[in-house]
Protein chains: 2
Amino acid sequence: MNARVFVGERRAEAIAADDRGLAYGDGLFETMRAHRGGVPWWDAHWTRLAKGAARLRLALPDRNFVRSQAAALLEGADAGVLKLIVTRGSGGRGYSPPMDAEPSWILSLHPLPSSPMQGLTLRWCATRLAIQPALAGLKHCNRLEQVLARAEWQDDAAADRDADEGLMLDTEGHAVSATAANVFALIDGRWATPRLDRCGVAGICRDWALSDLRAEEIRLLPAQLESAETIFLCNAVRGILTVARLGERAWAPHPQVSALRGRLAAAAPMFADPQRGILA
Amino acid sequence: MNARVFVGERRAEAIAADDRGLAYGDGLFETMRAHRGGVPWWDAHWTRLAKGAARLRLALPDRNFVRSQAAALLEGADAGVLKLIVTRGSGGRGYSPPMDAEPSWILSLHPLPSSPMQGLTLRWCATRLAIQPALAGLKHCNRLEQVLARAEWQDDAAADRDADEGLMLDTEGHAVSATAANVFALIDGRWATPRLDRCGVAGICRDWALSDLRAEEIRLLPAQLESAETIFLCNAVRGILTVARLGERAWAPHPQVSALRGRLAAAAPMFADPQRGILA
């Protein structure tokens, strides 16, 4: 991994042992698709980060400085995933957030995940998402629920260990998202996606799709997803992901998803995947 | 802060930038009272840590090695707080927990908090605890709820900024704990403390008090706390903490709490505070 650590506007050797990100997950992150040395959706990612920082009352480093450091890290990279973690910085023992701490932040560059050659196979996770309006929508660093959910099907013993992603319900039984992607469903001719006012992460690609599809944000039951005309997943690294199967339910490729992928590729050429024809 | 970082059984310069503790709060911690160069409640802390590690399927470093390193750090220290953080270690991008990662861990030594000269003043926090049975009871590193709750009254502008601690409800309205302590209440002549099967941290001193008082674990409503004959807080660093006030409600020192503090001091001399007479 190619990573650089900073405190405020100073490059640092490493994250301090008393960093609040490490102690409490007291931070936020963004996972961004890099393309031809830049981050086409930079503004949307920074806007979400700033909203999260306002909610957590956490200081952000200077936006232009972060962007210039990102550009330096991305130099020569044609495609990849740029991850930014921002924490509240160093602090004493105890939950009380330091009011004057400089944020710590890490930029790291990772390879693009491989493109799936066919529609995804999904499963239902047993791990639920807790209902916490104070943190809902944010891409914060308290992610044990996702870690537990993802671990469910990575054992050799897991019957569905070849599943590509898992869908999660909240503790009241509504479908919320995949572990690392949002979900949309075509129901009675209209697009819908779960409301994220109580849990879940408000994805950048979800925003794009919401607007493009004029989709509705609803409380979505698992049975509605399973009986939908089609469903897809999306995130800012992989774009729109066709779904072929969810448990027992199978879907053929759907022309509306194919058309959506085409519109996304036109709006954001980084998602113009040569394998798109196979998937759509 | 006096801190030492390790990976498995090797001393490390620092926590790696790709540590899962930093990325996802994917870790556990213990906050222990050190006394005369040792940690009298070490066994209880390690037992809780091991339970948490089993639930999260996270590898622990060798117990004896950690203990010997703790002893080295505590050498010459008469009293203090020893904090141990254990994370899942380094991992790639993505929630999938690495199956073969060596745990990272940090030992740090901090000064004892000052003993309150009188009973504590408590407030109610607006931030709620989410209901998440999969993580309930564990002292894991996803602590944004506590950070948000503690921040509520640290502003200069906060009307109750002199409060000593804040009590938290879960999202269904039951009282659970203070931000960094458990709570007990004397109701109709019997001791009770909130059940922690859906959220909250099962404290080491809570275990001691549960057993000593033969207290009941119940779903506790805020009104029951406010109308209790007396209440107290407890944690493994500060022992039993007398409460004088909760919002509008005031309590005089209660002989049963005074007697409990005496029994704790007898069982664990580190809690034999010279100011006990004042508090009880």
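The values are calculated or read from the model by the stated rules, or taken from the named source; none is laboratory data. It should be emphasised that the depicted structure is a prediction, and the values quoted were computed from it without experimental measurement. We place every Cβ from the backbone using ideal geometry, glycine too, and count neighbours over all the protein chains shown. Note: accessible area is taken over every heavy atom of the protein model, side chains too, but ligands, DNA and RNA are not part of it. Shrake-Rupley method; radii C 1.70, N 1.55, O 1.52, S 1.80 Å.
Structure above, values below:
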| quantity | calculated |
| --- | --- |
| Subset of region B:152-175 [open to solvent by 10 Å² or more (accessible area, probe 1.4 Å) and of a type in the set (A, V, I, L, M)] | B:157, B:158, B:159, B:163, B:169 |
| Residue under evaluation residue A:42, criteria (1) closer than 18 Å to residue A:203 by Cα; (2) modelled with pLDDT under 95, criterion not met | (2) |
| Top-ranked residue in region A:104-122 [being buried (at least 22 other Cβ atoms within 10 Å of the Cβ) and more than 10 Å from every other protein chain (Cβ to nearest Cβ); ranked as nearest to the chain's Cα centre (by Cα)] | A:122 |
| Any chance residue A:259 is out of contact with any Phe, Trp or Tyr (no Cβ under 6 Å at 6 or more places or on another chain) and either open to solvent by 50 Å² or more (accessible area, probe 1.4 Å) or assigned to a loop (DSSP other than H, G, I, E, B) (or both) | no |
| Any chance residue B:77 is more than 9 Å from chain A (Cβ to nearest Cβ) and at pLDDT 95 or above | no |
| Filtered residue count, region B:86-103, keeping only those that are within 9 Å of another protein chain (Cβ to nearest Cβ) and open to solvent by less than 10 Å² (accessible area, probe 1.4 Å) | 2 |
| Within region A:102-133, considering residues that are in contact (Cβ under 8 Å) with a residue 24 or more places away in the chain and among the small types (Gly, Ala, Ser), the one nearest to residue A:195 (Cα to Cα) | A:130 |
| Residue, nearest to residue A:235 (Cα to Cα), within region A:50-78, restricted to residues that are open to solvent by 50 Å² or more (accessible area, probe 1.4 Å) and in contact (Cβ under 8 Å) with a residue 60 or more places away in the chain | A:51 |
| Selected residue (criterion: farthest from residue A:255 (Cα to Cα)) from residues of region A:223-235 that are open to solvent by less than 30 Å² (accessible area, probe 1.4 Å) and not in a strand (DSSP E or B) | A:225 |
| Single unsatisfied condition, residue A:17 versus (1) open to solvent by less than 40 Å² (accessible area, probe 1.4 Å); (2) assigned to a loop (DSSP other than H, G, I, E, B); (3) touching a residue at least 12 places away in the same chain (Cβ under 8 Å) | (3) |
| Residue satisfying all of: in region B:20-46; more than 7 Å from chain A (Cβ to nearest Cβ) and of a type in the set (D, E, K, R); most open to solvent (accessible area, probe 1.4 Å) among these | B:36 |
| Check on residue B:174, touching a residue at least 24 places away in the same chain (Cβ under 8 Å) and farther than 27 Å from residue B:21 by Cα | yes |
| Region B:80-94: number of residues that are part of a loop (DSSP other than H, G, I, E, B) and modelled with pLDDT of 95 or more | 2 |
